[in-house]
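Before any comments, here is the structure.
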Amino acid sequence: MILHLALFTWTGDVTADDVAGLTADLHAMADQLDPIEQYACGPNLGITPSTADFVVAAAVRDEDGLRAYLTHPLHQAVQERWLTRMTAARSAAQLPMPFTVVRDAR
């Protein structure tokens, strides 16, 4: 599996209603897309310093699943409805899953 992370920084005019609408549409989209195994999204908790206002984490089966998710019409519709207007900056990365836990031998 692959974990796809997308971090968004909002433009100055994004409202709480925008974020709530985006979040609802993203969850509705994720529920309908077969390649998605696990999905989470929402405002950055802000525990550590970051320029990201919002985070999407999507676990997909493989690279083909990631491509299918990113190019799916439902994903494109969410981008057009919300993200094009709301996004000042975006960063994305992918990691293999499951994660490897490394513990030092103390």
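Just so you know, all these numbers are worked out from the coordinates, no wet-lab data involved. Everything quoted here is computed from the prediction, not taken from an experiment. Counting neighbours? That spans all protein chains shown, and the Cβs are built from the backbone with ideal geometry, glycine included.
Quick notes on this structure:
- Placing R0 at 25 angstrom, the Cβ-Cβ distance between residue 67 and residue 88 gives a FRET efficiency of 0.45 after rounding to 0.05.
- Loop-located chymotrypsin sites (Phe, Trp or Tyr not before Pro) in the stretch 58-99 (DSSP state not H, G, I, E or B) with no more than 11 neighbouring Cβ atoms inside 10 Å: 99.
- Here each label is just a point 7 Å from Cα along the line to Cβ, and for residue 44 and residue 32 those points are 3.0 nm apart.
- Lys/Arg +1, Asp/Glu -1 at C-beta; the stretch 41-106 dipole; positive extreme among 78, 102, 49: 49
- Its Kirkwood hydrodynamic radius, worked out from the mean inverse distance over all distinct Cα pairs, puts the chain at 14.7 Å.
- Residues whose amide H comes within less than 5 Å of that of residue 53, counting only those at least five positions distant or on another chain, are 8, 9, 10 (H built at 1.01 Å from N in the peptide plane).
- Helix-only mean residue ellipticity at 222 nm for the chain, each DSSP H run of n ≥ 4 adding -39500 (n - 2.57), per residue, nearest 500: -9000 deg cm²/dmol
- Note on the chain: with charges restricted to the Cβ of Lys and Arg (+1) and Asp and Glu (-1), its dipole about the Cα centre is near 340 debye.
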